[in-house]
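Undergrad: My questions will all concern the structure given below.
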Amino acid sequence: MIIAAIALFSLAAILGLLLFGFVIKGKHTPKALVLTHGPLAIAGIILLVIYCTQNDPDPIDSLILFLIAASGGLILVARDLMGKTIPKWLAAIHGLLAVAGFSLLLMFQFS
Amino acid sequence: MKKNDNPDGIKTSGDTLSVWSATTPSIKYEPLTKHLKTDVVIIGGGIAGVSVAYNLAIQGKKVVVIEDGYIASGETGRTTAHLVNVLDDRYYDLERIHGDEGASLAAESHTQAIDFIERTIATENIDCDFTRLNGYLFLHPSDKKESLEKEYLAARKAGIKVENLNHIPGITSESGPCLSFPGQGQFHILKYMKGLCEAIIKHKGEIYTGTHARQIDSTGIVTDQGYKVTADHVVVATNTPVQDQFAIHTKQTAYRTYVIGAKIKKGGTKALWWDTGDFDVDKDVAPYHYVRLQEMDEAHNILIAGGEDHVTGKGETNEEIHRYAALESWTRARFPIEEIIYRWSGQVMEPADSLAFIGRNPMDKDNVYIVTGDSGNGMTHGTIAGILITDLILGVENSWEKLYSPSRFSFKSTGHYIKNNMSVIAEYFKDYPMHADVSDFSEIKTTEGKIIEIKGEKFGAYRDEENHLHVVSAICPHMQCIVKWNGGEKSWDCPCHGSRFTYDGKVLNGPANGDLPYYLSIKQPKIIQS
């Protein structure tokens, strides 16, 4: 299950990087990427939640970071769909939190 | 085809002109050039907004109507002006979704709307060709005889006068059965609107055209020029609300509907006709045909036939050509029409549960009201809005309030609701990098509009008859969907929620309340023929 979560987060990360490029350049974000990135990450989080409830020890610190990143992501997508400016700093923090959560998850699984 | 060559040369919500707009002077007033304070400000000079203003004005309320075009330059001017209490959705469906009481209230409200129009015409002495006549509902080949039997029972139960006929009066090429509904009506919409506006002015109301409300909230509106109208009540009657982001727009879908006006010799049956809709196209919203006559000259009437609807922005390239051809073919098979003089299209907002949204705006202050979801019965729904919103503002109890409440959600229409919103999500999935209609401007022929991607950004490019390229952003400012070219009306239409823009980006239809950025107009040296 945790491997599946890592795979989903990896795919989400690739799309996230692409999206970050659009945000940094102040360009329209392709919505197919936005609406694929979010659900992939949410699916990963769901798997992680299930894993945490069924296993001990668990990567709870990673999950917390992903949940905070996800709440930032919700704000980003809402602003994006409403045509409001996407704060670059928020997009950066969202990405950094996700990267941190992903790093902790990899360390949990592979170290 | 009549283009924008009406007496004033003013654009309506598209490139074509309806029989009304092409033959009647525009109803214009001065633009707003001062700050105002009033009891009620109404945004939108269509039948809904003007009916609300009229009803409030005769009750002594101080009203101000703001319209960005001229009176009825939006979808009201593109109606076929049928006045029916038999809605475009069947009474057996209304009964299933809204219950017996809901269906009865729908019947009562639309019947009263026609009565109100007739009464107002008499009171205000409006000469607008109003006529009472029979309506005939007949089967589309894709439908079954049982649906007429069910409709007969449901309509009677709702309180509608109806008769079974075994033939279709006025159509000899088809055998029955048919349902006959007496006491329906028709009129000339622009003459009626002119009369209502004159009555509003007579009752000390104020009307401003050519005035766009840039900002709308519970305190009033601010125009593009910065003039503020402060009001105790705000009524947004702009076909679809332009101040809402989500609330209503997830509950209704925009459709294009096509109309032809053809010469026909006088002497036949005068009536309204409509079929039950093509269930092979869409089982939920079966597109149907609708027909009426309008006086033309001593020898001829104009037969006005409409239909061949599809979701806005969802057609193929040159979709309108196929739709007009199909409509002409359907009409010629049933009526002895001669030359086609008019072709135009209009926009219908179709609520998931079949009835308009009229009342207090959801998730807003109690003094903000909306009218939307005409559902193909814009004349009566707009008139109902005039009665209902006036009662809400005056604090008078009205038994229709719950039925038309914009806050309602009918679980029995959940399937339709989900389907519509999944369709919006599917549109978003078409927006991915390196995906466009063309990769170079040279691929766009004259009179064509295409989506092009330049450095990761999507643009809409239209090449006009004189080889000028007009380039706008392809991103709808409402919810960021990619717009699509509508060759029939020379507009960029949004397939998500029905916003529409001129070829040079000016907003024609909500929910967007701003223009598409216009980037350039280039005269190309080489003429490319389509």
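The values are calculated or read from the model by the stated rules, or taken from the named source; none is laboratory data. Computed from a predicted structure; not experimentally measured. Quick reminder, even Gly has a Cβ in these numbers, built from the backbone with ideal geometry, and neighbours come from all protein chains shown.
Undergrad: With respect to the numbered conditions (1) within 13 Å of another protein chain (Cβ to nearest Cβ); (2) surrounded by 14 or more Cβ atoms within 10 Å (Cβ to Cβ); (3) in contact with a strand residue (DSSP E or B) (Cβ under 8 Å, 6 or more places away or on another chain), which one is the sole condition not fulfilled by B:Gly505?
TA: Against the list (1) within 13 Å of another protein chain (Cβ to nearest Cβ); (2) surrounded by 14 or more Cβ atoms within 10 Å (Cβ to Cβ); (3) in contact with a strand residue (DSSP E or B) (Cβ under 8 Å, 6 or more places away or on another chain), B:Gly505 comes up short only on (1).
Undergrad: Considering B:Asp374, B:Asp284, which residue is within 30 Å of B:Tyr54 (Cα to Cα), charged (D, E, K, R) and in contact with a helix residue (DSSP H, G or I) (Cβ under 8 Å, 6 or more places away or on another chain)?
TA: B:Asp374
Undergrad: Within the stretch B:455-463, does at least one residue satisfy the condition of being crowded, with 19+ Cβ neighbours inside 10 Å, farther than 26 Å from B:Thr257 by Cβ and of a type in the set (Phe, Trp, Tyr)?
TA: Within the stretch B:455-463, one or more residues are crowded, with 19+ Cβ neighbours inside 10 Å, farther than 26 Å from B:Thr257 by Cβ and of a type in the set (Phe, Trp, Tyr).
Undergrad: Could you please find all residues in the stretch B:328-376 being in a loop (DSSP other than H, G, I, E, B) and out of contact with any strand residue (DSSP E or B) (no Cβ under 9 Å at 6 or more places or on another chain)?
TA: Within the stretch B:328-376, B:Ala333, B:Asp353, B:Ser354, B:Leu355, B:Met363 meet the criteria.
Undergrad: Taking B:Lys450, is it more than 14 Å from chain A (Cβ to nearest Cβ) and part of a strand (DSSP E or B)?
TA: yes
Undergrad: Something else about it: Out of the strands (runs of 3 or more DSSP E) lying entirely within the stretch B:212-279, which hold 1 or more residues that are within 20 Å of the chain's Cα centre (by Cα) and within 30 Å of B:Glu328 (Cα to Cα)?
TA: B:252-265, B:272-275
Undergrad: Scan the stretch B:391-422 residue by residue and report those that are of a type in the set (Ser, Thr, Tyr), farther than 14 Å from B:Ile248 by Cα and buried (at least 18 other Cβ atoms within 10 Å of the Cβ).
TA: B:Ser413
Undergrad: Looking at the structure I just gave you, is B:Gln215 touching a residue at least 40 places away in the same chain (Cβ under 8 Å) and over 26 Å from B:Ile117 (Cα atoms)?
TA: no
Undergrad: Spot the failing condition for B:Lys265; the list is (1) more than 14 Å from chain A (Cβ to nearest Cβ); (2) more than 30 Å from B:Glu338 (Cβ to Cβ); (3) at pLDDT below 95, and only one is missed.
TA: Just one mismatch for B:Lys265, condition (2).
Undergrad: From A:Val23, A:Val99, A:Val77, A:Val49, grab the single residue that is within 14 Å of chain B (Cβ to nearest Cβ), out of contact with any Ser or Thr (no Cβ under 7 Å at 6 or more places or on another chain) and β-branched (Val, Ile, Thr).
TA: The match here is A:Val77.
Undergrad: Looking at (1) away from chain B (no Cβ under 14 Å); (2) part of a helix (DSSP H, G or I), which one does A:Pro57 not meet, given that it meets all the others?
TA: In the conditions (1) away from chain B (no Cβ under 14 Å); (2) part of a helix (DSSP H, G or I), A:Pro57 misses (2) alone.
Undergrad: Could you please tell me which pairs satisfy a Cβ distance under 6 Å, a separation of 6+ or placement on different chains, a first residue in the stretch B:413-436 that is away from chain A (no Cβ under 13 Å), and a second residue that is charged (D, E, K, R) and surrounded by 12 or more Cβ atoms within 10 Å (Cβ to Cβ)?
TA: Matching pairs, first to second residue: B:Ser413/B:Asp353; B:His416/B:Asp284.
Undergrad: Name the one entry in A:His94, A:His28 that is of a type outside the set (Asp, Glu), on the phi < 0 side of the Ramachandran plot and more than 14 Å from chain B (Cβ to nearest Cβ).
TA: Every option except A:His94 fails the conditions.
Undergrad: Any chance the stretch B:23-39 includes a residue that's polar (S, T, N, Q), at pLDDT below 95, crowded, with 19+ Cβ neighbours inside 10 Å and part of a strand (DSSP E or B)?
TA: No, the stretch B:23-39 contains no residue that is polar (S, T, N, Q), at pLDDT below 95, crowded, with 19+ Cβ neighbours inside 10 Å and part of a strand (DSSP E or B).
Undergrad: Okay, moving on. Is there any pair linking a residue in the stretch B:83-104 that is without any contact (Cβ under 8 Å) to a residue 60 or more places away in the chain to one that is assigned to a loop (DSSP other than H, G, I, E, B), with Cβ under 8 Å and at least six apart or on different chains, and which?
TA: B:Ser104/B:Gly159
Undergrad: Now for a separate question. Any chance the stretch B:341-349 includes a residue that's within 30 Å of B:Met296 (Cβ to Cβ) and either surrounded by fewer than 20 Cβ atoms within 10 Å (Cβ to Cβ) or within 14 Å of chain A (Cβ to nearest Cβ) (or both)?
TA: yes
Undergrad: Do you know which residues across the stretch B:119-151 are of a type in the set (D, E, K, R), touching a residue at least 40 places away in the same chain (Cβ under 8 Å) and touching a strand residue (DSSP E or B) at 6+ places or on another chain (Cβ under 7 Å)?
TA: Within the stretch B:119-151, B:Asp129, B:Arg132, B:Glu151 meet the criteria.
Undergrad: Could you please find all residues in the stretch B:453-473 being among the small types (Gly, Ala, Ser) and within 14 Å of chain A (Cβ to nearest Cβ)?
TA: B:Gly456, B:Gly460, B:Ser473 - these are the residues of the stretch B:453-473 that are among the small types (Gly, Ala, Ser) and within 14 Å of chain A (Cβ to nearest Cβ).
Undergrad: What about B:Thr380, is it closer than 30 Å to B:Thr38 by Cβ, touching a helix residue (DSSP H, G or I) at 6+ places or on another chain (Cβ under 8 Å), surrounded by 20 or more Cβ atoms within 10 Å (Cβ to Cβ) and touching a residue at least 60 places away in the same chain (Cβ under 8 Å)?
TA: Yes, satisfied.
Undergrad: Please go through the stretch A:37-46 and pick out each residue that is buried (at least 18 other Cβ atoms within 10 Å of the Cβ) and within 13 Å of chain B (Cβ to nearest Cβ).
TA: A:His37, A:Gly38
Undergrad: Got a sec? Which of B:Gly135, B:Gly77, B:Gly45 is within 19 Å of the chain's Cα centre (by Cα) and not in a loop (DSSP other than H, G, I, E, B)?
TA: B:Gly77
Undergrad: Quick test of your reading of the structure: A:Gly95 fulfils all but one of (1) surrounded by fewer than 16 Cβ atoms within 10 Å (Cβ to Cβ); (2) in a helix (DSSP H, G or I). Name the failing condition by number.
TA: Only one criterion in (1) surrounded by fewer than 16 Cβ atoms within 10 Å (Cβ to Cβ); (2) in a helix (DSSP H, G or I) is unmet by A:Gly95, namely (1).
Undergrad: Give the residues of the stretch B:143-201 that are touching a Lys or Arg at 6+ places or on another chain (Cβ under 7 Å), assigned to a loop (DSSP other than H, G, I, E, B) and loosely packed, with under 15 Cβ neighbours inside 10 Å, sorted by residue number.
TA: The answer is B:Ser173, B:Glu174.
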